[in-house]
Amino acid sequence: MSFEDLRDFGYFQMMHPDEIEAFQAGLKHASETGIPFESEMRFKDINGEYRWHLNIASPVFDDEGKIALWAGSTTDIQRLKDEEQRKSDFIGMVSHELKTPLTSIKAYLQVMEVKAKKIDDENVQKIIDRSLIQIRKMTSMIDGFMSVSRLESSKIVIAPTRFGLAQLIGEIRDDFKNTVMSHQLYFGNVEGFPEVTADRDRIEQVIKNFIGNAVKYSPRGTDVIFKCLAEIEEIHFSVSDNGQGIDPSHHQKIFERYYRIENDLSKTTSGFGIGLYFCAEIISLHGGRIWVESELGKGSTFHFTLPRH
Ligand code: ADP
């Protein structure tokens, strides 16, 4: 395309239609805040095929601090994207392979559990119980990896149905009350929660992730508060804790893949930094919003919304 064709947003013709809206919103945000806008997006090449590019738009300011012009760079990252895809397929395959022996170990342990009960040996029972807890942890980690690799290959589809949040949150509350003794969990007036159209299992996963993190990243004995509020256009969910809090510089990044904040607590807490990434993908597939409100030392509140239809 010639310079004349490109100037004044002519390059929209080369962009993938799915990305134009987010790109415009990103530019608007950058011009309001002065923070450079960075995004990965697809541009058509000369053969009409889309290739992934890293796109950076940086405002350049004049002496009075006003935006004088924009400097942009667009770099072809298709090769990196292909490699990323191969890596993610590999993770998916490895996770799948790891699950098979784990399932057998679990089955054997369950047989042993029955036998241990018969011989009435409390010590053996305890050891088996602990092994089963570890197996459960490992299974959920592997499931997390499998979900991420499935997400990246865009194999994930959400299957929305109409369901009552009262029932779902009631189940989640009972699950947590049976397993979490370290914190006080509050769920509010669950019976009054509305109905929603969404993928029930995925929404359950997001809420459990929020609550799980709140428990993981806040001191024993403190409160974790779940709230659900039906607003005019959306349903608003939040989970608050009295934990260590998160510095604003991490607020966006914690929703990225494999991102964990480096501090003493994260060194001693297990995790791979994929939980929130997964939550963000699920909520975006539902057309909702997800964000965190937090300051260091003042606890955190994680929010998400679902459109009401
Ligand atoms: P993981 O917990 O497995 O590391 P997540 O994607 O769930 O992965 O979270 C990413 C990071 O965000 C965590 O490593 C942690 O540093 C931070 N984080 C998440 N939830 C909280 C919370 N409630 N309070 C403080 N930090 C949190």
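To keep it simple, each residue is scored yes or no on (1) in a helix (DSSP H, G or I); (2) without any contact (Cβ under 8 Å) to a residue 12 or more places away in the chain.
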{"site": "Met1", "(1), (2)": "no, no"}
{"site": "Glu4", "(1), (2)": "yes, yes"}
{"site": "Leu27", "(1), (2)": "yes, no"}
{"site": "Glu32", "(1), (2)": "yes, yes"}
{"site": "Val60", "(1), (2)": "no, yes"}
{"site": "Gln85", "(1), (2)": "yes, no"}
{"site": "Asp89", "(1), (2)": "yes, no"}
{"site": "Leu98", "(1), (2)": "yes, no"}
**OP:** Select from the stretch 265-285 the residues that are over 19 Å from Lys208 (Cβ atoms), among the polar types (S, T, N, Q) and near the ligand (Cβ under 10 Å from one of its atoms) and list them in ascending order.
**Re:** Ser266
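Okay, residues lined up against (1) closer than 17 Å to Pro219 by Cβ; (2) assigned to a strand (DSSP E or B); (3) out of contact with any His (no Cβ under 9 Å at 6 or more places or on another chain); (4) not aliphatic (A, V, I, L, M):
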site: Ser249; (1), (2), (3), (4): no, no, yes, yes
site: Tyr259; (1), (2), (3), (4): no, no, no, yes
site: Ser266; (1), (2), (3), (4): yes, no, yes, yes
site: Gly273; (1), (2), (3), (4): no, no, yes, yes
site: Leu276; (1), (2), (3), (4): no, no, yes, no
site: Ile282; (1), (2), (3), (4): no, no, yes, no
site: Glu293; (1), (2), (3), (4): no, yes, no, yes
site: Gly297; (1), (2), (3), (4): yes, no, yes, yes
site: His303; (1), (2), (3), (4): no, yes, no, yes
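Could you check the stretch 258-273 and list, in sequence order, the residues that are modelled with pLDDT under 85, within 20 Å of Met138 (Cα to Cα) and touching a Phe, Trp or Tyr at 6+ places or on another chain (Cβ under 9 Å)?
Matches in the stretch 258-273: Tyr258, Ser266, Thr269, Phe272.
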Original post:
Within the stretch 187-228, which residues are assigned to a loop (DSSP other than H, G, I, E, B) and at negative phi?
Top reply: Phe187, Asn189, Phe193, Pro194, Asp199, Tyr217, Ser218, Pro219, Arg220, Thr222
Subject >> Out of Ile158, Ile172, Ile142, sole residue that is within 20 Å of the chain's Cα centre (by Cα), among the β-branched types (Val, Ile, Thr) and assigned to a loop (DSSP other than H, G, I, E, B) >> reply: Ile158
Subject >> Test result for Phe237, within 11 Å of the ligand (Cβ to nearest atom) and either in contact with a strand residue (DSSP E or B) (Cβ under 8 Å, 6 or more places away or on another chain) or under 25 Å from Gly26 (Cα atoms) (or both) >> reply: no
Original post:
Which condition does Glu262 not pass, out of (1) over 22 Å from Asn178 (Cβ atoms); (2) away from the ligand (no atom under 15 Å from the Cβ); (3) more than 15 Å from the chain's Cα centre (by Cα), if it passes all the others?
Top reply: (2)
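The values are calculated or read from the model by the stated rules, or taken from the named source; none is laboratory data. In this text the structure is predicted, and so the values were computed from the model without any measurement. In this analysis, Cβ positions are derived from the backbone assuming ideal geometry, glycine residues included, and neighbour counts consider all displayed protein chains.
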